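One structure is given below, encoded as structure tokens.
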Amino acid sequence: MIRAVFCDLDGTLVRPGNLVLDEDLDMLHGVTSCGVRLVFVTGRPSRCLADLPAAVRELSHEVITSNGASEVVDGRTRVLAPLEGHQVRDFSEALRKADPEVSFATEFESAFGYEPGYAWWPATDTGADAVCAEIPDLAGSALPVTKLLCRSGDLSAGDLARSAEALGFDVTVTYSCRPEEGGPVEVLAPLASKGHAVRRILEEADIEPAAAVAFGDRPNDISMLDSVGAGVVIGVPSEPRLSVFESAASVGTWLARHQERWRGRLGSE
């Protein structure tokens, strides 16, 4: 019996143009009405949730943000696993030695910082409240850093991620684009990942992983998909590591096909 559903937002539930399929909304409403816990798990920082479709925001009051570094519960934001200033400085210095064409930005839950040479990425950059400064100054901000974003002028996201992992730092390295695209690569604290967040919630709620399903579509979802009984990739897998999971055309399609695993929940309590 499914007791918890974890769902990525962009690309999984929220389609290009900020569209959401009616079948997805209908099935997720059905899930929650049966007492199943629904948690959204996204790479977005909390400040970038306001433009989600209202129908999505109304489905759940729990959102894991910044790939597991923070969360928003009942409208309140809490940073769970920030990067320390020395981690940001030491890592960025080491990666820049390995790739002189790399540039950096820092993700805060309420703001965005970027180096002068960092390429803008509309999915996370905010414009008016963004701060342009060198990385040592951004690392010394009073605001906790939830993600260090890295872009290379030479390397793809997949190649840059491998270079970042080869440095041997105790950090989480991931990305939410296709590996052949330009990134950014996201560097987080060692205990910050979608998988860590999902496992914590399941443990606190005394829910077995086998009683949970997760939906995602990109490499940053892999740790989450690995942490539940049923990990489902929406759409065509963007790289081989995602091909090991079950796939479905949409969240609603999968939930409709497996209604016997969640519709009987109220009657069994």
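Given the options P209, Y118, S176, identify the residue whose Cα lies farthest towards the positive end of the charge dipole of region 107-222 (+1 on Cβ of Lys, Arg; -1 on Cβ of Asp, Glu).
Value computed over the given set: P209.
Using a 1.4 Å probe on the protein heavy atoms, what percent of the accessible area of region 56-121 belongs to carbon and sulfur? Intermediate values should be presented prior to the final figure.
Details: 1350 of 2920 Å².
Using a 1.4 Å probe with all protein chains present, region 56-121 comes out at 46 percent carbon and sulfur.
Considering the dipole of the chain built from charges on the beta carbon (Lys and Arg +1, Asp and Glu -1) around the Cα centre, which of S163, A248, G235 is farthest to its positive end?
It is A248.
Place a +1 charge on the Cβ of each Lys and Arg in region 1-152 and a -1 charge on the Cβ of each Asp and Glu, then give the dipole magnitude about the Cα centre in debye, rounded to the nearest 20.
Working: 13 positive and 23 negative charges, 57 e Å.
Value, rounded to 20: 280 debye.
Run the accessible area of region 133-233 with a 1.4 Å probe and give the carbon-and-sulfur part as a rounded percent. Mind showing how you got there, number by number?
Details: 1820 of 3820 Å².
For region 133-233, the apolar C and S fraction of the accessible surface comes to 48 percent.
Any idea which of P53, G11, M1 is furthest toward the positive side of the dipole for region 1-63, if Lys and Arg beta-carbons carry +1 and Asp and Glu beta-carbons -1?
Highest projection toward the positive end goes to M1.
Highest first, please rank the peptides 39-51, 132-144 by the mean number of other Cβ atoms sitting within 10 Å of their residues. It would help to have the intermediate numbers written out before the result.
Numbers: 39-51: 20.8, 132-144: 15.7.
Result, highest mean first: 39-51, 132-144.
For region 213-227, take each phi angle, set θ = phi - 60°, evaluate the Karplus expression 6.51 cos²θ - 1.76 cosθ + 1.60, and give the result in whole Hz per residue in order, putting x for glycine and proline.
Couplings: 10, 10, 10, x, 8, 9, x, 5, 8, 4, 5, 5, 4, 6, 9 Hz.
Among 56-64, 181-189, what's the highest-first ranking by average C-beta atoms within 10 angstrom per residue?
Details: 56-64: 17.9, 181-189: 24.1.
Most protected by this proxy first, the peptides run 181-189, 56-64.
Solvent-accessible area per residue for region 127-269 at a 1.4 Å probe radius, Å²?
Numbers: 6230 Å² over 143 residues.
Accessible area per residue, region 127-269: 44 Å².
Give the average over all directions of the projected area of the C-alpha convex hull of the chain, one decimal, in nm². Don't jump to the answer; show the numbers that get you there.
On the way: hull surface 54.0 nm².
Its Cα hull, projected and averaged over all orientations, spans 13.5 nm².
To the nearest 20 debye, what charge dipole does the chain have about its Cα centre, counting +1 at the Cβ of each Lys and Arg and -1 at the Cβ of each Asp and Glu?
Details: 24 positive and 41 negative charges, 101 e Å.
Dipole size: approximately 480 debye.
Cβ neighbours within 10 Å, averaged per peptide: list 7-13, 241-247 in order, most packed at the top.
Put in order of decreasing packing, that is 7-13, 241-247.
Pull up all non-local amide H partners of S247: gap of 5 or more, or a different chain, and H-to-H distance under 5 Å with H placed in the peptide plane.
V233
How far apart, in nm, are the 7 Å Cα→Cβ label points at R57 and A249?
A separation of 3.1 nm, rounded to one decimal place.
Mind checking the angle between helix 194-204 and the chain's longest principal axis? C-alpha axes, 0 to 90 degrees, to the nearest 10.
For helix 194-204, the angle is close to 50 degrees.
If you add up the charges near A94, with Lys and Arg at +1 and Asp and Glu at -1, over every other residue whose beta carbon is less than 13 angstrom from its beta carbon, what do you get? Spell out each step's value before the answer.
Values: positive: R89, R96, K97; negative: D90, E93, D99, E165, D170.
Within the 13 Å Cβ shell, the charges total -2.
For R15 paired with A98, estimate the spin-label separation in nm (one decimal), with each label point 7 Å from Cα along the Cα-to-Cβ line.
Each label point is offset 7 Å from its Cα along the Cβ direction, giving 3.8 nm.
Mind checking the dipole of region 157-260: about its Cα centre, +1 per Lys or Arg Cβ, -1 per Asp or Glu Cβ, Debye to the nearest 20?
140
Could you tally the net charge around I234, taking each other residue with its Cβ under 14 Å from the Cβ of I234, Lys/Arg +1 and Asp/Glu -1?
Values: positive: R15, R218, R257; negative: D8, D10, E23, D24, D217, D221, E246.
Net local charge, I234 excluded: -4.
The values are calculated or read from the model by the stated rules, or taken from the named source; none is laboratory data. In this text the structure is predicted, and so the values were computed from the model without any measurement. Note that each Cβ is placed from the backbone with ideal geometry, even for glycine, and that neighbours are counted across all protein chains shown. Note: areas computed on protein heavy atoms with side chains; ligands, DNA, RNA excluded. Shrake-Rupley method; radii C 1.70, N 1.55, O 1.52, S 1.80 Å.
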